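The values are calculated or read from the model by the stated rules, or taken from the named source; none is laboratory data. Predicted model only: the values in this text are computed from it and were never measured. FYI the Cβ positions are ideal-geometry reconstructions off the backbone, even for glycines, and counts take in every protein chain you see. Accessible surface is based on the protein model in full, side chains and every heavy atom, while ligands, DNA and RNA are left aside. Shrake-Rupley method; radii C 1.70, N 1.55, O 1.52, S 1.80 Å.
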Amino acid sequence: MVTTSQLAAFAALTFLMVVVPGPSVLFTISRALTVGRRDALLTVLGNAVGVYAQVVAVAFGLGTLVESSAIAFTIVKLAGAAYLVYLGVQAWRHRRTLADVFRAGVAATRGHTLRVLRDGFVVGFANPKSIVFLAAVLPQFVNHGSGSVPLQILVLGIVLPVIALLSDSAWAFVAGTARDWFARSPRRLELVGGTGGLTMIGLGATLAFTGRKD
């Protein structure tokens, strides 16, 4: 079974990986600025579930396949990139909606809970940064003499979504507060809606053209 020292060592390394902003953090910030803190936090939750789905995949061999196969890696990468671009285009198209809402003096329309969770899940599950980290690093912390390897991976792997959940939630709160400042001016809010959309499009494009180190 997993020991405390195994868990602590993996948690320390995971923390260093998480604090470096990647696709999930930038996506969360864009969502907080575009649609508000509530949807951003739901996105964070969906993202954490998506990341743990990666852990499950690693435990049962898919992570190794993605790490070793350029084709599998490219498929996962392009799927995540395409989805980010799609969400960015949608945010850009509807950039004036938030400004119109605040001109009318009413609260912004919230996204459907399951849809927002789904968006976060897709981005989390298709995030090459975490799948490569899990596939390449997580197995190194497994003690093959201590029993079921898949179970050890599942236990150790929960550290990543938990740390990501805490870190990304902090980003969501900070960005949500900044959105409140922008909301004082409908023009500012329209600007941030468009900027958030362009950020997601740029993030997706960057992800699509980022190659493997090997």
| request: Enter the accessible area of HIS144 (Å², nearest 10), with the probe set to 1.4 Å and all protein chains included. | output: 140
| query | Using 7 Å Cα-to-Cβ label points, what is the ALA9/VAL56 separation (nm, one decimal)? | reply | 2.8
| message | Under a crude label model (7 Å from the Cα following the beta-carbon direction), how far is VAL89 from VAL137 in nanometres? | response | 3.4
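What order do ILE153, ILE29 take when sorted by accessible area (1.4 Å probe), most exposed first?
Working: ILE153 10, ILE29 40 Å².
In descending accessible area the options line up as ILE29, ILE153.
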| message | Rounded to the nearest 10 Å², what accessible area does TRP181 have for a 1.4 Å probe in the complete protein model? | response | 110
